[in-house]
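Working notes, beginning with the structure itself.
FYI, it's all coordinate maths here, none of it is from the lab. If you're wondering where the values come from, they're calculated on a predicted model, not measured in any experiment. Here Cβ is always computed from backbone atoms with ideal geometry, including for glycine, and neighbour counts include all displayed protein chains.
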Amino acid sequence: MKKKDNRPDADILPERTGYQVPNGYFDKLTDRIMDQVDIPTYNETDLPESYFENLPDRIISLTKTEVPSNRVVKMSGWKKYMSIAASLAIFIMGYNYFSSNTGSDTDMVVSDELILQYLDEYDVDLETATLSELEFIQNEFNMIDAIEDSDELYEYYLDYHIDDLPANELEEIIK
Amino acid sequence: MKESGNKDHKEYPEDEVLIDMVLDPVSCDAGFRLLVMKYQETLYWHIRKLVHRHEDADDVIQNTFIKVYKNLKNFKRESKLYTWLYRIATNESITLINDRKRRASYEDGQANELKDQLKADNYFDGGEAETMMALAIEQLPEKQKVVFNLRYYDEMSYNDMSEVLETSVGALKASYHHAVKKVEQYIKNAMS
């Protein structure tokens, strides 16, 4: 019996047991155990073939129907634009009324309120409005500008667009 | 082959990572394969020292890992993974030993039977000292045998043994002390 160095508290006992295993036993053991536990494999090919082709459309449709915030645009596109156009027509009439009758500085306040009202009424949130909605609004204001040719309206228009206007257009308005 | 098993576990992911992998359906297969590869040798040698025959150890190691797979989702992570694995392996080994005893009245001639068995075993290359050691351990009570193997061969700390056997550290120290004395006495008697 050889004397042990590392074995706890046992000084005269052999270190090894003499047990052996067949060659390559542990290499095969892993596979044999894996076969027995039969883990259901997670296979990506289980997905329908067209899954990833349709995925973008499905995501877009979900984001369209999903509620992003408290403000929801429930109308279809053309109804919405018709409503905005009608609101702008009311706005124009209101503006004409105030500018022809009072001509005071309160006109713009009223106009602002009208704009805010129609934005609120039709749930147009400037933070989330689409580019086409903004372009439509801009076009409508351009139309008002053409009809009214009013200094006050120019000022109002410039308040919103002075940074966007090309130099030649700006000069034209200032004249 | 190292009898103490593959203790160089550093090449494998940490136990916490392995558990998370096994519990995730996407990585379950790879995670469990890594877990088996990490612990199969360590557990096999622990089992082999209790059941002696390679064929029995082979059965027990497979049953152990099947139980591990089935019960891992219930593992509460309050103890170390490897002590939990040892506990399952130990219980499975004792179950097999008890079944064998019931079937063959094993206790009556266990020492002689084990001696003959080791002589005939193709997967045992021990000499007289190793055979005598196996016989000395075999005469210990079941739990004392496990305590001796875990401490002497696997050099497991008493704290970890306490998790494996759900026994206090003090009781384990006493049990190991008695086991060593009995084994030494058995060998001295056999040599004299």
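The string of couplings for the range A:15-23 from the Karplus curve (6.51, -1.76, 1.60, θ = phi - 60°) is 7, 9, 9, x, 6, 10, 10, x, 4 Hz, one whole number per residue in order, with x for Gly and Pro. Pairs over the 19 Å Cα-Cα cut-off, from the set B:Lys49/B:Lys73; A:Lys28/B:Lys115; B:Lys119/B:Lys181; B:Lys10/B:Lys38; A:Lys28/B:Lys145; B:Lys115/B:Lys143: B:Lys49/B:Lys73; A:Lys28/B:Lys115; B:Lys119/B:Lys181; A:Lys28/B:Lys145; B:Lys115/B:Lys143. Based on DSSP H segments of at least four residues, each scored -39500 (n - 2.57), chain B has a per-residue ellipticity at 222 nm of -23000 deg cm²/dmol. Stretched out straight at 0.36 nm per residue, the stretch from B:Ala171 to B:Ala120 would grow longer than its current Cα-Cα span by 14.7 nm. Applying the Karplus relation 6.51 cos²θ - 1.76 cosθ + 1.60 with θ = phi - 60° to the range B:38-51 yields 3J(HN,Hα) values of 5, 10, 4, 6, 4, 6, 4, 5, 4, 5, 4, 5, 8, 9 Hz, where x marks Gly and Pro. Computed over chain B with a Gaussian network model linking Cα atoms closer than 10 Å, the most mobile of B:Asn149, B:Asn91, B:Asn71 is B:Asn71.
Residues whose amide H lies under 5 Å from that of B:Met156, counting only those 5 or more places away or on a different chain, are B:Arg151; hydrogens are built 1.01 Å from N in the peptide plane. Residues in the range A:24-40 carry Karplus couplings, in order, of x, 4, 6, 5, 7, 4, 4, 5, 5, 5, 4, 5, 6, 6, 6, 6, x Hz; the curve used is 6.51 cos²θ - 1.76 cosθ + 1.60 with θ = phi - 60°, and Gly or Pro positions show x.
Largest first, the extents of the alpha carbon coordinates of the range B:9-191 on the three principal axes equal 57, 37, 32 Å. Based on the Cβ-Cβ distance from B:Lys67 to A:Asp164, what FRET efficiency comes out when R0 is 56 Å, to the nearest 0.05? For R0 = 56 Å, the calculated efficiency reads 0.20.
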